[in-house]
Amino acid sequence: MIEVRNLHKRYGDTVAVDDVSFAVQEGEIFGILGPNGAGKTTTVECIEGLRNRDRGEISVLGLDPQRDRAELTQRVGVQLQDSQLPDRLRVAEALELYSSFYRDPTDWRALMDTLGLADKADTRFGKLSGGQKQRLSIALALVGGPRVAVLDELTTGLDPQARRDTWALIEDVRSRGVTIVLVTHFMEEAERLCDRLALIDAGRVVTVDSPAALAERAQVQQRIQFRPSAPVDDRLLADLPDVTEVTHRGDLVLITGNSNALGAVTSLLARRGVVAQQLRVEQASLEDAFVELTAKHSDSKN
Ligand SMILES: Nc1ncnc2c1ncn2[C@@H]1O[C@H](COP(=O)(O)OP(=O)(O)OP(=O)(O)O)[C@@H](O)[C@H]1O
């Protein structure tokens, strides 16, 4: 659906995208995740044909965004970061206007219903809430009936409920066959929505994988804490091959180890007749993986 190979883009002396390659399959929600200034927006702007790349190859639905820009605009829906419309433009007017740009637009009234904007049809843009503006900008990205939609910072500035509603909406859009590229720096959003993710740091792809596989690959250690019902010798715990560290906080025992550590610790305690009270286990999250993988990446560069 989309293929990016060795993309490079600089602004004067600033290298925004150094060397980015990835491929997006039909029907997936593909996330681009990375810290501020990583080059995410520049990458998608090159995909959308809004910026010319300096080097590399891009193919979107078999089109070259630079060469076939007019045709691409017809087939790719774009939600821009901070999209602004004139304050006085009404919701229905905006949708009608945008739909006139396309050869084969979808029914904008139906789209307005789907996005929960029907009762705002006559409301002016300037009077919409943040969440409503966001929904309108998604509707405008979809009004041309695109096969691919590129959404940048989809839920930035939304409250938690509006963010969840937007996620449900995006899943619904995907289930109707639209391939989605999503730029985000919210881990929760990436974890919840994306089938695969490209982790970008300093203009390069650190890795591409599913959120779960990323968390697992980072091999972030398991952290276990509990209050033993009777004292346990730290050395016994520390000697377990799956345990790397044993410390204390008050009467809590804190253990770090690999993914087998929990089983090893609980069976040792059971053999000694000790109960692990208030047991808590923290697993690697996507956020841990992100920090771990970007840190490894900058180490390998230095
Ligand atoms: N129009 C521009 N002119 C000059 N430098 C730019 C321009 N746009 C972006 N940059 C620089 O290029 C780098 C990458 O920016 P980009 O916006 O692509 O990153 P990003 O990952 O999308 O960041 P954010 O999460 O903050 O949106 C940054 O160092 C940024 O300052």
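Just a few scattered comments:
- 0 to 90° range, to nearest 10: angle between helix 261-271 axis and the chain longest Cα axis: 30
- Percent of beta bridges antiparallel (DSSP, the chain, rounded to nearest 5): 65
- Only DSSP H runs of four or more residues enter the estimate; each adds -39500 (n - 2.57), and after division by the residues of the chain the mean residue ellipticity at 222 nm equals -10500 deg cm²/dmol.
- Protection proxy ranking, peptides 180-186, 163-169, average beta carbon neighbours within 10 Å, highest first: 180-186, 163-169
- Calculated FRET value between Arg124 and Asn258, using beta carbons and R₀ = 35 Å, to 0.05: 0.05
- The chain: relative contact order as a whole-number percent, Cα under 8 Å and 6+ apart: 19
- Shape call, the chain: gyration tensor on alpha carbons, a/c limit 1.5: prolate
- Estimated inter-spin distance, Asp107 and Arg147, nm [label 7 Å along Cα→Cβ]: 2.4
- Cα centroid separation, the stretch 220-250 to the stretch 16-57 (Å): 44
- Placing dummy labels 7 Å off each Cα toward the beta-carbon, the span from Ala295 to Gln283 is 2.1 nm.
- The relative contact order of the stretch 185-252, computed from alpha carbon pairs under 8 Å that lie at least 6 residues apart in sequence, is 20 percent.
Each reported figure results from applying straightforward, stated rules to the coordinates on display, with no laboratory input. Computed from a predicted model, the values in this text were never measured in an experiment. No Cβ is skipped: glycine too gets one built from the backbone with ideal geometry, and neighbour counts run over all protein chains shown.
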